[in-house]
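A short reminder: the numbers here are calculations on the coordinates, not readings from a lab. A quick note: this is a predicted structure, and the numbers were derived from the prediction, not measured. When we count neighbours, we look across all protein chains shown, and the Cβ atoms used for this are built from the backbone with ideal geometry, even at glycine.
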Amino acid sequence: MVFVSKLFPLLVVFLIVGGVALPLVGYSLSRWDMSSSNLEGTVVTDSSFSNFTSDTRYSAIYPNAFKIESQRPFLVTRDFQTFDFIVDNESALSTATNFLQDVGPPFVNWTIQAILKVDIPPSWKILYNHVDFTAYVVVDAIEGQVIEYESRYLHEYDPTDITLLEAETIVSEFLTDYNIEIPFTARYIEGFPYDCRRFYSLVFQEYNGPIEIETSSIIVRASSFTHGISYYHYDWIGLDPIDTTHVVGQQLALSNALSIYEFPSEQNNLSLQTPKIALADVEDADGNHHLRLSWVLDFESEIENIRFYVDAFSGNLFGIREEFEPYRAVQEHILIGSTSFLLGLPIISVVSTIGVSSIYLWKRYSE
């Protein structure tokens, strides 16, 4: 009994330090340092589009269709079933046709190909065609606003290049004509020229503090062929601020992902792109779409690119998207160093300390 009496204090100290203090220190050190965030683009209020900023929403669908389902993991679900089709197809057709005639290629006599009812989000999609062009316009069924549009020329052509400055001028005129305002939380991404510099896309991406909202953006594409807009897309959620206090650091997220996923042996010259925190558009095991606060880790290689999705709070890998494969969910595991593991140790330690103390006291006073 003398030996047990001497050992007991050491055992208690070991349980407290090794089971409580060290895991909590490790948990604290594994937190995300927001100050090191490398956000893409420029705050819209500091850009050439600062005059278009506002707090107003372009459509009543947002953010009313989005609901925070849980905090751990942080899940946002979409539900459009509460919205009725207030705008009928005839009104949507009139709005779409007027928009296309104004914004689309000039002097084109469009033929209406189809009018489609879309449930997500509630809207009407009108398809148009012409011997030289094809186009579509999407009108939301709540307020009758155009939320998406695209037109394409079906033949080869070789116009002059379009510059960023020209694209910004064309997009500014479009935003002015249609009274489209950019929320203050946007970051302006200058986009990129493509297709032999015949088009230039400008992106206004929603950020919630340092968090990129993947599916939420305003995209406007300027065309050097028509000197107008060839594509427009409005999808802005506008969620309330998200608490990132307990988000894990990128090193923990990365090490946990690599401990689960084994790259194929033929994958050479893998390069990790800049990790980011995002409200990512992913699926659950049943294939249902939702938004989940995640570390998004992109690896590029000569063969294919791979994207990992790691939960922002637990540090657990939960999804993988390979370049030539659909997104797939991954079974989550409690890993050494993960939040679940580090916070689980103190609980186990406290329970063990109480158990050991109870046994010690029972033996001591039962003699």
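Stretched out fully, how many nm does the piece from residue 160 to residue 274 gain, at 0.36 nm a residue minus the Cα gap?
37.6 nm
Based only on other Cβ atoms within 10 Å, what is the fewest-to-most ordering of 43, 248?
Ascending Cβ contact count within 10 Å gives the list 43, 248.
Please get the size of the charge dipole for segment 247-329, origin at its Cα centre, with Cβ charges of +1 on Lys and Arg and -1 on Asp and Glu, quoted in debye to the nearest 20.
400 debye
Place the peptides 130-138, 104-112 in order of packing, highest mean first, counting for every residue the other Cβ atoms within 10 Å and averaging per peptide.
Averaged packing, sorted descending, gives the order 130-138, 104-112.
What does the convex hull of the alpha-carbon atoms of segment 247-329 project to on average, in nm²?
5.2 nm²
Measuring from label point to label point, each 7 Å out along Cα→Cβ, what is the residue 43 to residue 240 span in nm?
Each label point is offset 7 Å from its Cα along the Cβ direction, giving 2.3 nm.
Within 11 Å, Cβ to Cβ, of residue 239, how many net charges do the neighbouring residues add up to if Lys/Arg are +1 and Asp/Glu are -1?
Neighbour charge sum, excluding residue 239 itself: -1.
State, to one decimal in nm, how far the label point of residue 72 lies from the label point of residue 132, with both points 7 Å from Cα in the Cβ direction.
6.3 nm
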